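The structure appears right after this line, and notes come after that.
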Amino acid sequence: MTVLKIMLASAVLLAPTVASAQTADAVYCKALSEKYESYLETAGDKGGRATPVDVVVAMDKCKSDPASAIPVLEKQLKAAKLSLPPRG
């Protein structure tokens with residue numbers, strides 16, 4: 001019973017930390033998406049390439065699963081030789 005109490009107490013104490021990390025990831029993911037939209041999608045309007053499907057999916061995942069979306073967006077911005085927004 002004591003082990004269960006310790007585990008529950010640990011879970012309660014760690015929950016805000018995990019939520020905070022997820023929030024920070026979501027904010028960073030949104031910043032990456034905004035940078036992608038402002039710099040690269042405008043090139044599409046001028047006859048450039050269309051937005052890749054994986055980027056569209058990643059931008060949508062920023063709301064629900066930013067950890068998996070961030071590497072996709074970072075890769076695209078780096079490929080375009082754009083600096084990444086500050087993290088955190």
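Looking across the stretch 35-55 at every residue that is among the β-branched types (Val, Ile, Thr) and under 18 Å from Leu82 (Cα atoms), the one that is modelled with the highest pLDDT is identified as Val55.
Taking the conditions (1) in a helix (DSSP H, G or I); (2) modelled with pLDDT of 95 or more in turn, Leu84 satisfies each one other than (1). I'm checking my understanding of the structure. Among residues of the stretch 49-81 that are part of a helix (DSSP H, G or I) and among the polar types (S, T, N, Q), which one is nearest to Lys35 (Cα to Cα)? It comes out as Gln76.
The values are calculated or read from the model by the stated rules, or taken from the named source; none is laboratory data. Given the structure is predicted, the values throughout are model-derived calculations rather than measurements.
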